[in-house]
Amino acid sequence: MLNEPKLVYWHRELPPLDAEPLGEHTVEADSMRVAGDLAHRDDLWDQCYRDLMARVHRRLDQEVHRLGGDYAHVLDETTDSKRDDRTCEVWLHGRITYLLLRRSGRPAPARPGSPDGSPVTSAPG
């Protein structure tokens, strides 16, 4: 795991210069649920935020590979707190917008679900 190439680049971190954009995408994730209130409990907020970021990284990794890319450059992120009054649980919800990129010179990725694995191409315009 220590020698794995970097996959996610956050905001001002620049992906490799030769990376080619494939399109903008969004992933969402929820943190674990905890009993109580996040408003004045820094430790609970921090714990939920760390869990949310770990889940976001897993989702980004899954989506980058599923879509045939090599990198994700995070462009925007929002984090909101959620509450279930019925169970008195709270959690964080994150929404990440990212640019999917691939290494220069790699063939275009196959369309997800394409039976023949044909590459993604632009529609004639």
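Bear in mind these aren't lab numbers, they're just calculated from the coordinates by the rules spelled out. Computed from a predicted model, the values in this text were never measured in an experiment. A quick note on method: Cβ atoms are made from the backbone with ideal geometry, for glycine too, and the neighbour counts reach across all protein chains shown.
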What ranking do 91-98, 54-61, 16-23, 30-37 get when scored by the average of other Cβ atoms within 10 Å per residue, highest first?
91-98, 54-61, 30-37, 16-23
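Subtracting the Cα-Cα distance from 0.36 nm times the residue separation, let me have the gained length for Glu20 to Thr87 in nm, one decimal.
My answer for the length gained is 19.5 nm.
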Computed E for Met32/Arg106 - FRET, C-beta separation, R0 35 angstrom, nearest 0.05
0.45
